[in-house]
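Asks: This is the structure I want to talk about, given as structure tokens.
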Amino acid sequence: MAEHVVVTSDRARLKDGCMVFTLYEKEDPVLRLRVRNTGDDSVYLNQYAAEQETTGLTLHDDHGISTGKPFRIVSGKQCEIRAHCRFPQSDVFCARLVFHFNSNNGSEAFRIDCPIEVSYKSRTAKSKRLKSVIRLKEYRLPADIKSIIRDLNNGGSSSKEKNLLEKELRMQEYAKRFDLLLHLEEYERTKSTRQSCLDDIQLTRSGELFFMKVEGFRQHFRSCLPGDQVKIRQLWDYQWHRAYVHNIIGDEVQLSFGKRRQKLFKDTMRCTVLFTISRFTTRIQHRAVELAGTGGLEKVLFPTGTSPTPSHAPPMELSLFDQTLNKEQSMAVHHIVAGSSKPAPYLVFGPPGTGKTVTLVEAIRQVEKTHASCHILACAHTNSATDLLCEKIMNPEVKVYRLYAKSQESEINLQVGLFFIHT
């Protein structure tokens, strides 16, 4: 049933599966969303809400749905939901609207997630567009990448690439070495994606979108996100057509084509589907490597010694937030706050269960307390580890911004000072 219900708005444009609105000062701050039933059977809209409560968005309708009264949407009809926005302090506001439905006979319940992004601009901003100062290069794979990989796999090879990876890392070869590693990683990812081609998959049209169901899709295609490019080929054809992932709901994938390509396809067809990888993150990494060589980061990446303790270092006697820290953990916090290892980083290491997380949390809270003008970026290798950091750092006096991918469900407890941002 979910494939026959779509949420649209005349005021929005679609970007990576997200409905993007632009609001200007003194213009109508109401976003009108249409929930349309394109199927043959009626559905009931039971309730709707923003996934995270916010004072920047208020939802209304004319059918009493917000008060707990289900509304029947018959075939071909629609229901209007009004989202009233107010101008916040930030320029961009993000939210995820969730709509809960039941089939006509009540046997099937389903939900539709609708991410929205609202950009707020002043009236003078209408005529101004930001100019691209530095164009992001493509950083394409070398034409001889297969030969490079073949030489690297040859144990007796003395190729320049093999020598580059095996020699001691120095600033002179820093950019070349990491550029090569990024190219090798991209090649393997592309090769793996091509091996994950889906054959004989049924696509079904609903309005302007096409739907396909793949059992265990999330487990096999974890890196697939709304906005990613997909290549589609009908079984009887040899020509590939480009499509984009509109949304992913469980094992169901919604695809969108350009209007010209939509006319080429039937309402139901069997296809071969090839997922591609987005190169944007890889290109950003290449640029970071390039700027490391031209941005004067040699002393940071290859420190030669310890600089004197900064003059702004706090007194060694700190009032710890966590009184359970042992002597070694407390000493680590003092050194981090004092910046005694600069320009080299201060490394905290140890096996699981030795208190690395509580030490870092205490250090973050102490730095925030003693250096009011600083900004702290805390990263972790998994979403669960990042959520744990958020929960331990948060308090009513500190604002924490949690960045997570659109594919990641935010399950962290909402507390004072936490803001969710899609990236």
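Asks: Of all residues in region 327-350, which are open to solvent by 80 Å² or more (accessible area, probe 1.4 Å) and farther than 22 Å from LEU301 by Cβ?
Replies: LYS327, GLU328, MET331
Asks: Report the residue count in region 74-88 for those that are touching a residue at least 60 places away in the same chain (Cβ under 8 Å) and outside any loop (DSSP other than H, G, I, E, B).
Replies: 1
Asks: Just name the residue that is farthest from the chain's Cα centre (by Cα) out of those in region 184-196 that are open to solvent by 90 Å² or more (accessible area, probe 1.4 Å) and under 17 Å from TRP240 (Cβ atoms).
Replies: Applying the filter and picking the extreme gives GLN195.
Asks: Here's something else I'd like to know. Restricting attention to region 150-183, report how many residues are under 30 Å from LEU274 (Cα atoms), open to solvent by 30 Å² or more (accessible area, probe 1.4 Å) and either β-branched (Val, Ile, Thr) or in contact (Cβ under 8 Å) with a residue 12 or more places away in the chain (or both).
Replies: Residues that pass the stated criteria total 4.
Asks: Just the residues that are closer than 19 Å to GLU290 by Cβ, hydrophobic (A, V, I, L, M, F, W, C) and loosely packed, with under 12 Cβ neighbours inside 10 Å, please, taken from region 136-149.
Replies: Scanning region 136-149 gives a single hit, LEU136.
Asks: Does LEU320 satisfy the condition of being modelled with pLDDT of 90 or more and either over 28 Å from LYS299 (Cα atoms) or open to solvent by 70 Å² or more (accessible area, probe 1.4 Å) (or both)?
Replies: When the stated conditions are applied, LEU320 does not pass them.
Asks: Here is a follow-up. Please list, ordered by first then second residue, the pairs with beta carbon atoms under 6 Å, 6 or more apart or interchain, first in region 210-222 and under 25 Å from GLY258 (Cα atoms), second among the β-branched types (Val, Ile, Thr).
Replies: PHE211/THR204; MET212/ILE201; MET212/VAL253
Asks: Can you tell me which residue in region 226-261 is most open to solvent (accessible area, probe 1.4 Å), limited to those that are free of Cβ contacts under 8 Å to residues at least 60 places away in the same chain and acidic (Asp, Glu)?
Replies: Among them, the one singled out is ASP251.
Asks: What's the total number of residues in region 376-400 that are outside any loop (DSSP other than H, G, I, E, B), modelled with pLDDT under 80 and exposed (fewer than 15 other Cβ atoms within 10 Å of the Cβ)?
Replies: 2
Asks: Now for a different question. Within region 262-277, restricting attention to residues that are out of contact with any Ser or Thr (no Cβ under 9 Å at 6 or more places or on another chain) and open to solvent by 60 Å² or more (accessible area, probe 1.4 Å), which residue is modelled with the lowest pLDDT?
Replies: Selected residue: LYS263.
The values are calculated or read from the model by the stated rules, or taken from the named source; none is laboratory data. Values in this document were obtained by computation on a predicted structure and should not be read as measured data. Cβ coordinates were reconstructed from backbone atoms using ideal geometry, including for glycine residues, and neighbour counts include every protein chain displayed. Each accessible area value is taken on the protein alone, full model and side chains, heavy atoms only, with ligands, DNA and RNA left out. Shrake-Rupley method; radii C 1.70, N 1.55, O 1.52, S 1.80 Å.
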